[in-house]
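A.B. asks: To start, I am sharing the structure in question, which I have written as structure tokens.
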Amino acid sequence: MNYYFTSVTNGSFKTIETKVIALLKDEGFGVLNKIDLQQILKNKLNVNFRKYKILGACNPSFAYKALQAENKIGTLLPCNIIVQEIAPNTIEVSSINPLVSMQSIKNKALENIANEVSSKLENVIKKLKNEK
């Protein structure tokens, strides 16, 4: 089992980022933060890097359930989705697979939650593939 779900699609970086955020919203997720890695690497290391953003997505209902089952689960929250330009107007979108990250935690109560969250994140990636 892969630790991520991924899709490559065509379009402008901003357009695809906006689509991803809308698809996440359709699955009950909000984006808590956006990390512009391209800008950070330019500012901190003065290096040029491709367009690359990390979106921190959270579904409050699932986060609350997970926190009730495992009080240290916050170390694995939020769910990260990356949007990166791999060639001009060719954008790769990848999401964490929570099932894999939760396997290291020996807590059965998290298994159902991880299954549901994984399904929702995989839906985002599948819908993005289908919009080509």
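Derivation of every value follows stated rules applied to the coordinates shown; laboratory data play no part. No experiment lies behind these values; they were computed from the predicted model shown. Reconstructed Cβ throughout: ideal geometry from the backbone, glycine too, with neighbour counts over all protein chains shown.
A.B. asks: Cross-link list 19/129; 42/127; 106/129; 44/120: which exceed 23 angstrom alpha carbon to alpha carbon?
C.D. replies: 42/127; 106/129; 44/120
A.B. asks: Compute the label zone of residue 104 within region 43-76: residues whose backbone N is under 12 Å from the point 7 Å along Cα-to-Cβ.
C.D. replies: Residues passing the 12 Å test: 75-76.
A.B. asks: HN-Hα J couplings of region 9-18 from phi, Karplus 6.51/-1.76/1.60, θ = phi - 60°, integer Hz, Gly and Pro as x?
C.D. replies: Listing the rounded values in order: 9, 10, x, 6, 4, 5, 4, 5, 4, 5 Hz.
A.B. asks: Provide the gained length on full extension for the span residue 25 to residue 89, in nm with one decimal, where the gain is 0.36 nm per separating residue minus the Cα-Cα distance.
C.D. replies: So the extension gain works out to 20.7 nm.
A.B. asks: Computed over the Cα atoms of the chain, what is the convex hull's projected area averaged over all directions, in nm²?
C.D. replies: With every direction weighted equally, the projected area is 8.4 nm².
A.B. asks: Okay, moving on. At residue 33 and residue 68, where each label point lies 7 Å from the Cα along Cα→Cβ, what is the point-to-point distance in nanometres?
C.D. replies: Each label point is offset 7 Å from its Cα along the Cβ direction, giving 2.6 nm.
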